[in-house]
Amino acid sequence: MTQHLLKMADLTKDEIIDLLNLADQLKYNQKHGIPHHLLEGKTLGMIFQKASTRTRVSFETGMYQLGGLAQFLSSRDLQMGRGEPVQDTARVLSRYLNGIMIRTFEQKEVEDLASYGCVPIINGLTDYAHPCQVLADLMTIREYKGAFDGLNFCYIGDGNNMCNSHIVGALTVGMKVSIACPEGYRPHPDVLKFAEKYGDMFRISDNVQEMAANADVLATDVWASMGQETEAADRRKAFQGFQINDSVMAAAKPGAMVLHCLPAHREEEITTKVFEAHANEIFDEAENRLHAQKAVMVKLMGPKDI
């Protein structure tokens, strides 16, 4: 596996499956009280420039369960927040830590950490990508559906970091992907270029019903992400109709599952009725952040024979 996890395109299909297999084993160990201190004596630095619930708690808990230590580093606590260049921070922290997870705005900041540091860098979220969440989503899909080949994956909403990472992850593991989003809110051009090589396995349109037809998996995210609060009113207008609701569920296959990375704004991107009907899937997905990220940390920071 690559030294870092900066975006989903860093991973091959075999590497994703390997991570998911390890995540399944670590989840089994945790559920059955089997010690798995694979990162004993290791320390993960966690840089947060965006607020977090699931990312902070799951990484801290994961490192504890793996026998290591996680250090919370907010932008207010670091000299980065006072103008120290990221390349200097990377070189200093690399001498103290065994790995760095960063949750920030610009993808370039993550890439720069990887370029100048000499320890594994994990992208905990940027405006471009959210690979840890999508690994958890893929883990959840496999738990419920058994395999990826032949599945139809549909994402409805903003062409944001979740959409970008879903497209790459789902196509890489063999699912067909349909994206429903309005003009002006499409996925990143680099991701659309990536999808081109998959031919008719990828579709994108502003027709929600058409994209949701025969879907095995439906996913969505909030219409206004962190940092877009001033755009919220305009986005609510632009995304009217781009909601997972009874009509969309009727177009999907019977037994289709629903995913949401959370937090959810009920009655915006998803109705309360659909959310509660699929709450088990959504909160299994949230739990699987813990197990998928533990697998990533073990692969990047742990024994080489794992």
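Values quoted throughout were computed directly from the atomic coordinates according to the rules given, and no laboratory measurement underlies them. What you see is a predicted model, and the numbers here were worked out from it, not measured in a lab. No Cβ is skipped: glycine too gets one built from the backbone with ideal geometry, and neighbour counts run over all protein chains shown.
Details
- As a proxy for reagent exposure, 242, 153 were ordered by neighbouring Cβ count within 10 angstrom, fewest first; the result is 242, 153.
- Potential lengthening between residue 95 and residue 37 on full extension [0.36 nm per residue; Cα-Cα distance subtracted]: 18.6 nm
- The C-alpha atoms of region 133-285 occupy a region whose extents along the principal axes are 40, 35, 26 Å, arranged from largest to smallest.
- Among 24, 234, 216, residue whose mean-square fluctuation peaks in a GNM of the chain (springs only between Cα atoms under 10 Å): 234
- Cα principal axis extents for the chain, largest first, Å: 53, 44, 36
- Unit charges on C-beta of K, R, D, E only; dipole of the chain, Debye: 600
- Taking 0.36 nm per residue of sequence separation and removing the Cα-Cα distance, the residue 245/residue 272 pair yields an extension gain of 8.9 nm.
- Region 1-107: GluC sites (Glu not before Pro) in DSSP coil with no more than 13 other Cβ atoms inside 10 Å: 40, 106
- Taken along the Cα-to-beta-carbon direction at a fixed 7 Å, the label points for residue 12 and residue 214 span 3.1 nm.
- Averaging over all projection directions, the Cα-based convex hull of region 118-209 occupies 6.9 nm² in the image plane.
- Electrostatic dipole magnitude of region 133-285 [Cβ: Lys, Arg +1; Asp, Glu -1; Cα centre; debye, to 20]: 280
- Charge tally in the Cβ shell below 15 Å around residue 196, where Lys, Arg are +1 and Asp, Glu are -1, residue 196 excluded: +3
- In plain terms, if you count all Cα to Cα distances in region 1-157 and split them into 10 Å steps from zero, the share in each step is 10, 37, 36, 15, 3 percent.
- CD proxy at 222 nm, helix term only [per DSSP H run n ≥ 4: -39500 (n - 2.57); per residue of the chain; nearest 500]: -13000 deg cm²/dmol
- Modelled this way, with points 7 Å down the Cα-to-C-beta line, the labels at residue 29 and residue 283 are 2.7 nm from one another.
- Hydrophobic long helices, here whole DSSP H runs in the chain with Kyte-Doolittle means of at least -1.0 and Cα atoms spread over 20 Å or more along the helix axis, are found at 13-31, 131-145, 279-301.
- Size of charge dipole - region 206-306 - debye, nearest 20, with Cβ of Lys, Arg +1 and Asp, Glu -1, no other charges: 300
- Convex hull per residue volume in Å³, alpha carbons only, for region 125-165: 67
- Remark: 185, 28 ranked as 28, 185, counting other beta-carbon atoms within 10 Å and listing the fewest first.
- Residues 266, 76, arranged from fewest to most other Cβ atoms within 10 angstrom of their Cβ, appear as 76, 266.
- Farthest positive-ward along the chain dipole, Cα basis, beta-carbon charges - from 4, 33, 157: 33
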